[in-house]
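Q: The structure under discussion is supplied below as structure tokens; questions concerning it will follow.
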């Protein structure tokens, strides 16, 4: 269902979907850069949400401030972290006893991950198209949560070598999938992306949920 949730700069437009076969977890999926047309309806965000639903996770997507029906304006990533925190608070209220995970595409990974680290209920992270050229992800080095990155090996905003270097400094558990010849938006590689997402969600489920 589409609805408005309470955000720090005003209402945030959101889409909440319950898993048809729930398995005790829920996912927040954050969209790419709002200045460059990112919304919760982006196709990579949609595919990510679809993969979590198939894995039995309830899913919340939302528009950052200034996007769609969300109030406010772009705030350089700082206000957007507060938006993500508000979205996580909604999931916590809906699922107080369940595991939460945070996923993000591009800018959404940088924002969502930082918000996730302030929420003890979050037990896993999934980044898709991590933009290491534009944003500093060194905060991940100290993070002990399970983390997985899916990246095109031709990503113009996050070269494979940079992602490998980032993960080399991160603590376990961790992993990554590189999709050959895929660019930042996974153009012409949506099937491979869907397969990678399914595998990453299954890994996160094993790592994050109680045995």
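The values are calculated or read from the model by the stated rules, or taken from the named source; none is laboratory data. The structure displayed is predicted, hence computed values, not measured ones. Cβ sites come from the backbone with ideal geometry, for glycine too, and all protein chains shown count toward neighbours.
Q: Can you tell me which residue within the stretch 22-55, out of those that are part of a loop (DSSP other than H, G, I, E, B) and over 19 Å from residue 90 (Cβ atoms), is farthest from the chain's Cα centre (by Cα)?
A: 23
Q: Of the residues 145, 209, 204, which single one is closer than 29 Å to residue 98 by Cα, modelled with pLDDT under 95 and surrounded by 14 or more Cβ atoms within 10 Å (Cβ to Cβ)? Walk me through it before giving the result.
A: Values: 145 fails: modelled with pLDDT under 95; 204 fails: modelled with pLDDT under 95.
Result of the check over 145, 209, 204: 209.
Q: Only one of these is within 22 Å of residue 123 (Cα to Cα), in a helix (DSSP H, G or I) and in contact with a helix residue (DSSP H, G or I) (Cβ under 9 Å, 6 or more places away or on another chain): 87, 19. Name it. Write out each step before concluding.
A: On the way: 19 fails: in a helix (DSSP H, G or I).
None of the other options fit; the residue is 87.
Q: Now for a separate question. Of these, 67, 101, 122, which one is surrounded by 21 or more Cβ atoms within 10 Å (Cβ to Cβ), within 13 Å of the chain's Cα centre (by Cα) and under 22 Å from residue 2 (Cα atoms)?
A: Numbers: 67 fails: within 13 Å of the chain's Cα centre (by Cα); 122 fails: under 22 Å from residue 2 (Cα atoms).
None of the others qualify; the one that does is 101.
Q: Every residue in the stretch 187-206 that is outside any loop (DSSP other than H, G, I, E, B) and without any contact (Cβ under 8 Å) to a residue 12 or more places away in the chain, please. Lay out the reasoning, then the answer.
A: Here is the first cut: in the stretch 187-206, the ones outside any loop (DSSP other than H, G, I, E, B) are 190-206.
Those that are outside any loop (DSSP other than H, G, I, E, B) and without any contact (Cβ under 8 Å) to a residue 12 or more places away in the chain: 191, 195, 206.
Q: Please determine whether any residue of the stretch 52-61 is modelled with pLDDT of 95 or more and farther than 27 Å from residue 209 by Cα. Even if it seems obvious, please write down each step before you answer.
A: Within the stretch 52-61, the first condition is being modelled with pLDDT of 95 or more, and the residues that meet it are 52-61.
Going one step further and asking which of them are farther than 27 Å from residue 209 by Cα, we end up with none.
Looking through the stretch 52-61, none of the residues is modelled with pLDDT of 95 or more and farther than 27 Å from residue 209 by Cα.
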